[in-house]
1. Of (1) modelled with pLDDT under 95; (2) within 22 Å of residue 236 (Cβ to Cβ), residue 331 satisfies all except one. Which?
2. Does residue 336 satisfy being in contact (Cβ under 8 Å) with a residue 12 or more places away in the chain and at negative phi?
3. State the number of residues belonging to segment 220-240 that are closer than 19 Å to residue 265 by Cα and either of a type outside the set (Ser, Thr, Tyr) or touching a residue at least 60 places away in the same chain (Cβ under 8 Å) (or both).
4. Just to be sure before I move on: is residue 296 loosely packed, with under 14 Cβ neighbours inside 10 Å and either within 9 Å of the ligand (Cβ to nearest atom) or at pLDDT 95 or above (or both) in the structure I sent?
5. Give me a count of the residues in segment 310-319 that are assigned to a loop (DSSP other than H, G, I, E, B) and surrounded by 10 or more Cβ atoms within 10 Å (Cβ to Cβ).
6. As an exercise: evaluate residue 254 against (1) away from the ligand (no atom under 16 Å from the Cβ); (2) among the aliphatic types (A, V, I, L, M); (3) surrounded by 13 or more Cβ atoms within 10 Å (Cβ to Cβ) and give the number of the one condition it does not meet.
7. Scan segment 364-382 residue by residue and report those that are on the phi < 0 side of the Ramachandran plot and part of a loop (DSSP other than H, G, I, E, B).
8. Is it the case that residue 344 is small (Gly, Ala, Ser), under 30 Å from residue 88 (Cβ atoms), part of a helix (DSSP H, G or I) and not assigned by TED's automatic domain parsing to the domain that holds residue 159?
Amino acid sequence: MQAIASSISRHLIEQCDSSRNQCFHPSSRNSVIIITTAFHKTALPGVLLHSISCKGLLSKPTLSAVKFQNRSSSWPISSSVVVGSKMVKAIRVHELGGPEVLKWEDVEIGEPNDGFTRLLRSPFTPGMEAVGVVTAVGPGLTGRKVGDLVAYAGNPMGAYAEEQILPADKVVPVPPSIDPIIAASVMLKGMTAQFLVRQCFKVEPGHTVLIHAAAGGVGSLLCQWANALGATVIGTVSTKEKAAQAKEDGCHHVILYKEEDFVTRVNEITSGKGVEVVYDSVGKDTFEGSLTCLKLRGYMVSFGQSSGTPDPVPLSALAAKSLFLTRPSLMHYTITRDELLQTASEVFTNLAAGVLRVRVNHTYPLSQAAQAHADLENRKTSGSVVLLPDGN
Ligand SMILES: NC(=O)c1ccc[n+]([C@@H]2O[C@H](COP(=O)([O-])OP(=O)(O)OC[C@H]3O[C@@H](n4cnc5c(N)ncnc54)[C@H](OP(=O)(O)O)[C@@H]3O)[C@@H](O)[C@H]2O)c1
């Protein structure tokens, strides 16, 4: 699981890197606070003025906290403009290290107000994905109300806390048909799968698609979604156990890419025609072979680099088959409010319809985030890991 954690870390760093000029800049006047207290507890109306507040769940502990701080040393360090003095519990990271640096502490969250500013501070609170119940709304805010179940994924960071201030336009409603724990586990991965198969390259019946790391978090959802869209799905995985999971998730052909040459196998499976698209999150180890697997005018969608950054590609490598190459990011496909709502809504609709299934195999109290990270690092977990508010 060390490898998985590493890949997640890289991803979160990418996200933060590309957004460092956005996520801590002055936010809109309509803000959200996520309170990660128990779902059954009474909300706190009136405590948090000029804000939406939620109580909820946090998901996907990663080792990214450590790496964030590593990167953040060159970031602007500044005091937030804090209004009020509300104290909440949160995971805080003060120094580089292993899971033990994730400390459960009291922090002042303050109250957002018009034009508030929040800058990355050291110590900081990690986490970029959460679900919660709205407990207060800011002035002039329409479309959300106290009691709504909402979710977010991406920026801003700070989800490992009992409360979190978020811009209202970053949260999406979670339909009542969706279990909050499932929603918490699927936001980032599900929206990533959505933009990849429905926007970046639109998968259609009759297509043959190659999905690397088919049993990974995103890979598993990609296989399910591409299968549901009518494609022939070829997946690569490292072990027989993962192969069984990939089959369950709709892969018609599974390649054990540590034992078999996946280029040769794809060639056999497609009778030499190649595939319309490769969704490649593995990067360095697979990139070149992925290009070879494409048919004429095929799409190379390189959306991650779990094995490292691919080597530079000469244009001539694309010219040989008039290939398309893209290195997309979820953030760039959910820029507008409409795009975000549409992306999330398709994920929830497919979850509710049973088209998408997620495996939430572990939950931990939020205060035990360090243990969750340690277990992740020591390969003791599988599937999604969700941090629950303490007391649940
Ligand atoms: N572009 C975007 O917007 C976006 C959004 C979300 C995620 N991502 C990226 O997508 C990738 C997958 O995310 P995820 O959440 O699905 O991750 P994950 O669940 O951790 O899956 C990653 C899988 O990659 C495979 N892998 C191959 N070589 C590896 C290596 N050297 N180290 C670690 N894993 C290796 C492993 O599967 P096998 O054991 O079967 O090889 C592993 O299970 C990440 O790189 C992430 O950064 C990108």
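1. (2)
2. no
3. 7
4. In short, yes.
5. Qualifying residue count for the region: 3.
6. (1)
7. Result: 378, 380, 381, 382.
8. yes
The values are calculated or read from the model by the stated rules, or taken from the named source; none is laboratory data. Since we're looking at a predicted model, the values are computed, not measured. Reconstructed Cβ throughout: ideal geometry from the backbone, glycine too, with neighbour counts over all protein chains shown.
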